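Okay, structure first, notes after.
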Amino acid sequence: MNWISGGIMAKGKSLGRRFLFWASLVLWAFFLGVLVIAFTPVTGYLLKALAMKEEIRHADAIVVLGGGVNPGRYLTLSSSHRLVRGVQLYHEGKAQKIIFSGGFSQEGGVAEGAVLAQEARRMQIPSENILIEKNSRRTHEQAIETKKITDPQRWKSIILVTSYIHMKRALLCFEQAGFKVYPAPADPLERYASAPLERLDLFGKLVHEYGGMIYYRIKGWI
């Protein structure tokens with residue numbers, strides 16, 4: 001009986017050593033991965049594959065995609081950048097109508113499109129030139145719901161405003177919906193991420209965006 005119990009204890013120790021070895025290996029790999037992301041330009045290379053060149057032309061409408069609303073019903077930084085870019089294009093006369101797209105936000109408890117439109121009125125855009133899409137919850141739905149608004153007006157061309165990192169997937173969705181799309185990325189802050197924490201934050205966004213591209217291709221949305 002002693003040799004049996006001794007064998008069991010030895011086997012347990014062996015399994016424990018193996019577990020510690022693999023756990024240590026995973027932790028070291030994670031640590032090295034964080035260092036590579038934070039202190040090398042790897043995020044810049046990943047970002048290049050998503051980059052879309054700006055192409056501004058006169059169009060039937062400007063479409064601004066919501067990028068989030070905070071719990072206080074204030075626009076997130078991403079939404080604010082998109083709003084400013086869209087308003088600039090409107091005041092430059094690139095289109096006579098502007099559409100703000102974004103459905104109900106759980107964080108803000110209100111439709112993103114409605115908050116964007118509210119702020120746009122404060123920036124001297126007349127209410128009669130603003131349209132609101134507030135039924136969507138993802139990029140694919142924004143394209144479909146926006147098409148429902150533009151079809152009765154027979155609008156075919158749009159200037160699309162969204163974040164620099166999000167533009168490629170958004171453009172493909174709107175082209176799939178039947179639009180002629182002119183991309184107008186908002187302030188491309190992602191291109192200037194150089195500090196370690198900024199690169200780590202950007203990497204998380206890149207993972208989300210690449211995952212979204214794969215999922216959308218599988219679903220046939222782009």
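The values are calculated or read from the model by the stated rules, or taken from the named source; none is laboratory data. Bear in mind that the values here come from a model prediction, so they are computed numbers and not experimental data. As a convention, Cβ positions derive from the backbone with ideal geometry for all residues, glycine included, and neighbour counts pool all protein chains shown.
Odds and ends about this structure:
- The single residue among Glu107, Glu119, Glu133 that is modelled with pLDDT under 90, in contact with a strand residue (DSSP E or B) (Cβ under 8 Å, 6 or more places away or on another chain) and of a type in the set (Asp, Glu) turns out to be Glu107.
- Failed item in (1) modelled with pLDDT of 95 or more; (2) touching a strand residue (DSSP E or B) at 6+ places or on another chain (Cβ under 7 Å), with Lys168 passing the rest: (2)
Per-residue answers, yes or no, for (1) within 13 Å of Leu65 (Cβ to Cβ); (2) assigned by TED's automatic domain parsing to the domain that holds Ser80:
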{"position": "Arg154", "(1), (2)": "no, yes"}
{"position": "Ile158", "(1), (2)": "yes, yes"}
{"position": "Tyr182", "(1), (2)": "no, yes"}
{"position": "Pro185", "(1), (2)": "yes, yes"}
{"position": "Arg199", "(1), (2)": "no, no"}
{"position": "Phe203", "(1), (2)": "no, no"}
{"position": "Ile218", "(1), (2)": "no, no"}
{"position": "Trp221", "(1), (2)": "no, no"}
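- Residues within segment 110-144 that are in contact with a Gly (Cβ under 8 Å, 6 or more places away or on another chain) and more than 22 Å from His91 (Cα to Cα), tallied: 8
- Looking only at segment 45-57, and only at residues there that are surrounded by fewer than 16 Cβ atoms within 10 Å (Cβ to Cβ) and touching a residue at least 60 places away in the same chain (Cβ under 8 Å), the one that is nearest to the chain's Cα centre (by Cα): Ala51
- Of the residues examined, Ser101 is one that is at pLDDT 95 or above, under 22 Å from the mean Cα position of the chain (by Cα), within 16 Å of Thr76 (Cα to Cα) and among the hydroxyl-bearing types (Ser, Thr, Tyr).
- Filter result for Lys168 (basic (Lys, Arg), surrounded by fewer than 23 Cβ atoms within 10 Å (Cβ to Cβ) and farther than 24 Å from Leu189 by Cα): no
- Exactly one residue among Leu46, Leu50, Leu35 is at pLDDT below 95, out of contact with any Gly (no Cβ under 6 Å at 6 or more places or on another chain) and in a loop (DSSP other than H, G, I, E, B), and that residue is Leu50.
- Answer from Ile99, Ile125, Ile149 - the residue that is crowded, with 22+ Cβ neighbours inside 10 Å and either part of a helix (DSSP H, G or I) or in contact with a strand residue (DSSP E or B) (Cβ under 8 Å, 6 or more places away or on another chain) (or both): Ile99
- Neighbours by Cβ (under 7 Å, 6+ apart or cross-chain): first from segment 195-222, under 12 Å from Gly44 (Cα atoms); second of a type in the set (Asp, Glu): Leu202/Glu190
- For segment 130-160, filtering for residues that are closer than 22 Å to Glu209 by Cβ and touching a residue at least 60 places away in the same chain (Cβ under 8 Å) leaves 7.
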